[in-house]
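Data first, discussion second: the structure below is written as structure tokens.
The values are calculated or read from the model by the stated rules, or taken from the named source; none is laboratory data. It should be emphasised that the depicted structure is a prediction, and the values quoted were computed from it without experimental measurement. Every residue, glycine as well, gets a Cβ built from its backbone with ideal geometry; the counts of neighbours run over all protein chains shown.
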2 protein chains.
Amino acid sequence: MSVDAVGRTRRGRGARKAIRQSRDITMLPALKHGLPLVEPMTAEQVARIDDASMGILEDVGVMFRDPIALADWKRAGADVRGETVHLDRGLVRALIASIPSRFTYVARNPANNLPFGEDHSIFVPMTGAPYLRDVDDARRNPTLRDLADFHKLSHMLPAMHSTAHHIVEPYDHPISQRHLRITYSSMKYSDKTFMGMTTSPKNAEDVMEMCAILFGKEFMLQNPVVTGNCNGNSPLVWDETMLGAMRAFARYRQPVLCSPFVLGGANTPAGVAPSVAQLNAEALSALAYTQVIQKGTPAIYGHYLSTVSMKSGAPMAGTPEISLMNMMIGQMARYYDVPWRTSNTLGGAKTFDAQAGYESAATMMAVLMSGANYIWHSAGWNEAGMHCSMAKFVVDAEQCAMGHRMMSGVNWDDFDEALQAVRDVGPGGHYLGHPHTLENFQRAFFMPELFDNNAIEQWQADGAVEINERALTRVRDLLNDYEEPRLDAGVDEALRDYIARREREIPAADALNQDH
Amino acid sequence: MSVDAVGRTRRGRGARKAIRQSRDITMLPALKHGLPLVEPMTAEQVARIDDASMGILEDVGVMFRDPIALADWKRAGADVRGETVHLDRGLVRALIASIPSRFTYVARNPANNLPFGEDHSIFVPMTGAPYLRDVDDARRNPTLRDLADFHKLSHMLPAMHSTAHHIVEPYDHPISQRHLRITYSSMKYSDKTFMGMTTSPKNAEDVMEMCAILFGKEFMLQNPVVTGNCNGNSPLVWDETMLGAMRAFARYRQPVLCSPFVLGGANTPAGVAPSVAQLNAEALSALAYTQVIQKGTPAIYGHYLSTVSMKSGAPMAGTPEISLMNMMIGQMARYYDVPWRTSNTLGGAKTFDAQAGYESAATMMAVLMSGANYIWHSAGWNEAGMHCSMAKFVVDAEQCAMGHRMMSGVNWDDFDEALQAVRDVGPGGHYLGHPHTLENFQRAFFMPELFDNNAIEQWQADGAVEINERALTRVRDLLNDYEEPRLDAGVDEALRDYIARREREIPAADALNQDH
């Protein structure tokens, strides 16, 4: 694609149109695994983790700090002692058996529907950043307009399968009403699937109502259209906020990620295998509870993983133990036949420097090899999630496109033709002019657009620009070229009416719960 | 390790000693694979590549542009037509059967000996850079002193299993005599294993003579002590320089890498599977020839892989097709039961920016999952190999240490104890003070020293330093702390005498062959 060359020589509306025509923003299909996954555990070791986790659920129990959940569990036959629920392994297995192993996410543009689960994976942008690094690389608090820009970028980046929800926290709007504007932004600026806020049960209900306006409630009861996330408090605690939000989603049969929040060594034991055993117990308890609420509702085995530096207490990413834990969790989720979620491109770098690159790529490769289905935080994450970088957002998205290509496996379609080319060219020849090359070069080898592979002389002639600045130029170009996939006018009006009514009802407080 | 804190408050010899005592430079053992490898091909697909490669060797043939090799092949029963050697698959299989599938590299310090091949891998620094980025981040031509510094760093970085040879090209010494000084530098500044120059048959013979001074010729005939690299010219050509060097090594039974040099799409077909089929034919032809020279001599299936941008003609790295090809080549090498070499941390970035990080980490993860035994170019590579970055050198080495940890797999030793900790801590507790944590935290989770995972306020208070500058500080500290592992005085004198004699014999020309 000679986008930049075209962009620099033409001007105005005609030029932008030319760029759009040469820029392919068609979403990649859901990734279908074409490579075998990395499985570090033998069947016996999988059984050992399962047995350890079930033992924890039976003997130690899990705290559900929520009266409704405790009552639900009693009715379901669990052994409830105070706030601690002891779960028999037979009960857990019976409950999770009704979780669908695969389903289809429906987007408002049916071309963007996504098969999900088993051997299908999707890439979802990062969320929850209290800061951004903007198009001028300034680190500051984000606004609704910044959030809209990230939704626009997610819409235009082919490897992003979702626009998520609050990629960045819009600080220019009262926190108590923010979920409404965030949801509207996800729905308005893209026609891909998205996420729903779970910052409180009430907020989650608002998301469900807005989704019902967009898709219809009856339709939602048959089709997943949105995803919620419920974080656990490791070790072994689920709280009222998250459980209430989970119930709101489950009533509409919308999938939630059941995500223990692991700081390895601080809220789990200091070790890979026992951390996975604990996390697995936590995830199972929440997965089981989704089926207590609503049998057959889709649910996703989740987790947020970091390890803690024992020198500073800081969370770390891109480390070997996180890779191993991802691979092991993948095995456990497949053992239970449930879809699972992981986190991609994590890192603790403060700028978009080489540290950020190493951390993100190492994490992505491990996550892909682990076979995670819901690959969250796939673009923009930096500084341990404290900021979303616009530059990194577009580079990560290109990395995901490369990961998508790799995990799709090897193409054998033209193997025999290509062997004929070897015979035609012979020793000492070259392939550049051969008909097989001319026919296949465009798709044979991925050509990253944000990596510079030119000779240094050419790079210097182009201004000696490092990847952060090149990526910011790409961000500006994308936002310039953005075209809104219009909402139906009636639906748009109904959504705006709903938001206006709810904003009258909800006090504009500024100190409610924050999502992670 | 509180190295920096100590370094900043103390001064002089005592301070350096204190730092040394706190800095562990003990070499990691050879990596033993503790994870299953990623194998993208079915057994049928492996057989299909094998059949295609053997068909190429039989029907198309391989050019050996070297009269001695052609004569050798005739005697060995090959069908030689002009410079093209047609190899029957039966002959190829019979020849490669005598290549050892594993052996032990012997270093001058026996503590640094390395089991090699099958499920053992080693990390070797990059070589051949005509420029370096130095401790002041200046890009310039290197000197012998720079080369010595890289050998010192390789000596001190635990994950580096070798000091290689001409990590950078010492431009301050005549090219015709350079191989002598390079070899001496590898031998002198470290007691790890190293590589030997193959820039000409004569140069390779000098390397063998110098190794004989260090180890004894009889010893060398029984023990691999050095590694040479012989690049092929794809498609399907081996030249006189490389073949002569190969013969020099094989006569001493020292291992060579048989490395087709692939620019995918330019000198191979535009496709992953056919490129592997051609490369495999090329590698097999050279592996087979090593056994014609000297039956039973160790040899390593090699390759250099890049794909070519069809937009600019530039070689690319860190791309999905290179990862796939690495995984496939690993399967082929295991099918033939020979050790194999790959390239690590490749990339085309011009500075140590995020591009460099992504490319290096993506390559490393794929290379590890592929099970490569000789993991060359594992530190310092940047700008498509045009420069070796001192900063990147130390960061890459830490990445290799992390990769080593990951590929070692999951530790189950303390699993039951750790589960007891879960029972002790219970829901809502924390692990930081638990005896199991105190006993295990140092080794449970890798703590990268060159990644900054602190909060931004701490990072700002520390001077807001990005990884390039942090790494350069580490380079300065390491070089300050370096202690030479002294050569035996008699050996040292004999080596110096040999070099002096050869430098009198060899004209100080400046336009001989260059190694890649």
Scan the range B:455-483 for residues that are within 9 Å of chain A (Cβ to nearest Cβ) and either in contact with a Pro (Cβ under 6 Å, 6 or more places away or on another chain) or surrounded by 19 or more Cβ atoms within 10 Å (Cβ to Cβ) (or both) and jot them down.
B:459, B:466, B:467, B:468, B:470, B:471
Does the range B:351-364 hold any residues that are more than 7 Å from chain A (Cβ to nearest Cβ) and of a type in the set (Ser, Thr, Tyr), and which are they?
B:363
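Quick test for you: out of A:364, A:390, A:407, A:386, pick the one residue that is touching a Leu at 6+ places or on another chain (Cβ under 9 Å) and farther than 26 Å from residue B:268 by Cα.
Working: A:364 fails: touching a Leu at 6+ places or on another chain (Cβ under 9 Å); A:407 fails: farther than 26 Å from residue B:268 by Cα; A:386 fails: touching a Leu at 6+ places or on another chain (Cβ under 9 Å).
After ruling out the rest, the residue left standing is A:390.
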Residue check for residue B:179: touching a helix residue (DSSP H, G or I) at 6+ places or on another chain (Cβ under 9 Å), in a loop (DSSP other than H, G, I, E, B) and buried (at least 24 other Cβ atoms within 10 Å of the Cβ)
no
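For the range A:285-305, does any single residue satisfy the condition of being among the β-branched types (Val, Ile, Thr) and within 21 Å of residue A:401 (Cα to Cα)?
Step one: list which residues in the range A:285-305 are among the β-branched types (Val, Ile, Thr), which gives A:290, A:292-293, A:297, A:300.
Those still in the list that are within 21 Å of residue A:401 (Cα to Cα) too: none.
No, the range A:285-305 contains no residue that is among the β-branched types (Val, Ile, Thr) and within 21 Å of residue A:401 (Cα to Cα).
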Any residue in the range B:436-444 that is of a type in the set (Val, Ile, Thr) and outside the structural domain of residue B:399 (by TED's automatic domain parsing)?
yes
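Okay, residues lined up against (1) modelled with pLDDT under 95; (2) of a type in the set (Gly, Ala, Ser); (3) over 19 Å from the mean Cα position of the chain (by Cα); (4) outside the structural domain of residue B:87 (by TED's automatic domain parsing):
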site	(1), (2), (3), (4)
B:294	no, no, yes, no
B:298	no, no, no, no
B:311	yes, no, yes, no
B:318	yes, yes, no, no
B:327	no, no, no, no
B:330	no, yes, no, no
B:337	no, no, yes, no
Would you be able to tell me the number of residues in the range A:413-441 that are in a helix (DSSP H, G or I), more than 7 Å from every other protein chain (Cβ to nearest Cβ) and under 36 Å from the mean Cα position of the chain (by Cα)?
1
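Could you name every one of the strands (runs of 3 or more DSSP E) located completely within the range A:277-350 that has at least 2 residues being hydroxyl-bearing (Ser, Thr, Tyr), under 26 Å from residue B:421 (Cβ atoms) and within 14 Å of chain B (Cβ to nearest Cβ)? Working first, answer last.
Working: elements: A:299-301, A:304-308, A:341-343.
It comes to A:304-308.
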Being aliphatic (A, V, I, L, M) and either within 14 Å of chain A (Cβ to nearest Cβ) or more than 17 Å from residue B:66 (Cβ to Cβ) (or both) is the filter here; which residues of the range B:244-275 pass it?
B:257, B:262, B:263, B:266, B:270, B:272, B:273
Picking from B:394, B:410, which residue would you name as being more than 7 Å from chain A (Cβ to nearest Cβ), closer than 30 Å to residue B:30 by Cβ and of a type in the set (Val, Ile, Thr)?
B:394
Of the residues that sit in the range B:89-132 and are in a loop (DSSP other than H, G, I, E, B) and among the hydrophobic types (A, V, I, L, M, F, W, C), which one is nearest to the chain's Cα centre (by Cα)?
B:124
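From the list A:158, A:142, which residue is over 21 Å from residue A:503 (Cβ atoms) and part of a loop (DSSP other than H, G, I, E, B)? I'd like the intermediate steps shown before the answer.
Working: A:142 fails: over 21 Å from residue A:503 (Cβ atoms).
It is A:158.
Within the range A:115-144, which residues are among the basic types (Lys, Arg) and in contact (Cβ under 8 Å) with a residue 24 or more places away in the chain? If you could, list the steps in order and put the result at the bottom.
Kept after step one, since they are among the basic types (Lys, Arg), are these residues of the range A:115-144: A:133, A:139-140.
Matches in the range A:115-144: A:133, A:139.
State whether the residues of the range A:64-73 include one that is touching a His at 6+ places or on another chain (Cβ under 6 Å), assigned by TED's automatic domain parsing to the domain that holds residue A:154 and either within 30 Å of residue A:369 (Cα to Cα) or surrounded by 17 or more Cβ atoms within 10 Å (Cβ to Cβ) (or both).
No - not one qualifying residue is present in the range A:64-73.
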